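Input: a single structure, listed below in structure tokens.
The values are calculated or read from the model by the stated rules, or taken from the named source; none is laboratory data. All values reported here derive from a predicted model rather than from experimental measurement. Because the Cβ atoms are built from the backbone with ideal geometry, glycine has one as well, and the counts that use them run over all protein chains shown.
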Amino acid sequence: MTAAITPPRDGFTIQLAVLLGLGLAISVCVGLAAGHDWASPARLLAALTGDRSLDSRLITDWRLPRVLAAALVGALLGFGGCLFQGLFRNPLAEPYLLGSAGGAAVGATVALLVPLGVPQALALPILAFCGAWSATVMVLFIGRVSGVVDAAGLLLAGVAVAAILGALRSFLMLALSDESISLQVVLSWVLGGIQTPGPAGLSVLVILTGACLLLALTTGRGLDLLGLGEDMARSFGLDVKRFIAMTILIGSAVVAVAVAFGGLVAFVGLAAPHLGRNLVGPRHRPLILASALIGAITVVLADAIARAALPPAEIPLGLITAIAGGPFFLFLLARRLRP
């Protein structure tokens, strides 16, 4: 019975892994070259092989950590979106559905507008992470108190929590701003953007991304079973209520890490899993890996455009992904609604 229902094999072939890996390597090279002054291939090669001139140090000490951070944030958004699409059984779902974006924005607003006595570079990712995580925990608590156990009910609770948190953020911006505090810094964070992390920050991001990916992979079989319907999943021994809560917590942790280091970057978590599904099929373990690589490629290229399109100014990353992702979302919606 299982063999008749479960797809016979994973679609993440060696050839596809090589292709996506090559695409990521090319996107990283583009990201390293992009900026106010584009670096030539010879300059990139010199920088990456140990040259310590000022131009080379610009690439290795500033651009390289930022490009790596962009790849990790993109990977988080990619497989985070895959988790939520599998959980809600809807390819139009995206990682910010359960209020995590609103919670992260509230945390970031506090970090940016309230003097906390700690460096803002430290307070911002910590409070953004706590805000995103707390918002999702609040949704689960509301669901438990109200007796909601299915994904659709939790989604509605997430919409309500997101609306409340959005109003709270607006109130904080009005209440805490004055002539000495500009709201532009808050708006810039909300629009998304990758900052160049230090060695310690990049190491933390690498560790958190690896841990989140391993946790996400553990949900693969459960998401495959849930895609057959909750009754069928129960017949295969899946504790649906517990699995939904656990997956939401894992997904919210993934999104919280992403927004803590990259702000609110739209549409990557929607598009990457959809593209990955076309490449590897519906099985979630290979799809999680493919979504991570596609998300990394997307954010690295979008960040390169953000840095290089209007020098010396920098376009918010979220605007780049929204401009590209909006038409993509409309295309998906039209296909889904087509009779």
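Listing for the model above:
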item: Residue within the range 244-252 that is closer than 30 Å to residue 35 by Cβ, in contact (Cβ under 8 Å) with a residue 40 or more places away in the chain and part of a helix (DSSP H, G or I) present; result: no
item: Verdict on residue 99 being buried (at least 24 other Cβ atoms within 10 Å of the Cβ), within 19 Å of residue 173 (Cα to Cα) and not basic (Lys, Arg); result: yes
item: Flag for residue 298 being among the hydroxyl-bearing types (Ser, Thr, Tyr), over 28 Å from residue 110 (Cβ atoms) and either part of a helix (DSSP H, G or I) or touching a His at 6+ places or on another chain (Cβ under 7 Å) (or both); result: yes
item: Criterion violated by residue 110 - all others in (1) under 25 Å from residue 302 (Cβ atoms); (2) modelled with pLDDT of 85 or more; (3) surrounded by fewer than 24 Cβ atoms within 10 Å (Cβ to Cβ); (4) not polar (S, T, N, Q) satisfied; result: (1)
item: Near pairs, Cβ below 9 angstrom, 6+ apart or cross-chain, from the range 143-166 (farther than 17 Å from residue 246 by Cβ) to any residue that is of a type in the set (Phe, Trp, Tyr) and modelled with pLDDT under 85; result: 162/96
item: Search result, residues across the range 187-208 that are more than 16 Å from the chain's Cα centre (by Cα) and part of a loop (DSSP other than H, G, I, E, B); result: 196, 197, 198
item: Which listed residue is buried (at least 17 other Cβ atoms within 10 Å of the Cβ) and either farther than 16 Å from residue 78 by Cβ or of a type in the set (Ser, Thr, Tyr) (or both), from 304, 313; result: 304
item: Among residues of the range 277-323, those that are of a type in the set (A, V, I, L, M), out of contact with any helix residue (DSSP H, G or I) (no Cβ under 7 Å at 6 or more places or on another chain) and in contact (Cβ under 8 Å) with a residue 24 or more places away in the chain, counted; result: 4
item: Candidates 32, 54, 64, 22, filtered to the one that is more than 18 Å from the chain's Cα centre (by Cα), at pLDDT 90 or above and loosely packed, with under 13 Cβ neighbours inside 10 Å; result: 22
item: Sole residue being surrounded by 15 or more Cβ atoms within 10 Å (Cβ to Cβ) and either modelled with pLDDT of 80 or more or not hydrophobic (A, V, I, L, M, F, W, C) (or both), chosen from 166, 117, 147; result: 166
item: Residue 107 outside any helix (DSSP H, G or I) and either on the phi > 0 side of the Ramachandran plot or touching a Cys at 6+ places or on another chain (Cβ under 7 Å) (or both); result: no
item: Subset of the range 38-51 (residues that are surrounded by fewer than 19 Cβ atoms within 10 Å (Cβ to Cβ), in contact (Cβ under 8 Å) with a residue 12 or more places away in the chain and not in a helix (DSSP H, G or I)); result: 38
item: Of all residues making up the range 64-86, the number that are touching a residue at least 60 places away in the same chain (Cβ under 8 Å) and more than 30 Å from residue 245 (Cα to Cα); result: 4
item: Cross-chain or 6+ apart pairs with Cβ under 6 Å, the range 124-139 first and farther than 22 Å from residue 159 by Cβ and modelled with pLDDT of 85 or more, then part of a helix (DSSP H, G or I) and of a type in the set (Val, Ile, Thr); result: 127/110
item: Total residues in the range 170-186, condition under 13 Å from residue 111 (Cα atoms), modelled with pLDDT under 80 and part of a helix (DSSP H, G or I); result: 3
item: Residue in the range 46-65 that is under 20 Å from residue 214 (Cβ atoms), in contact with a Pro (Cβ under 7 Å, 6 or more places away or on another chain) and not charged (D, E, K, R) present; result: no
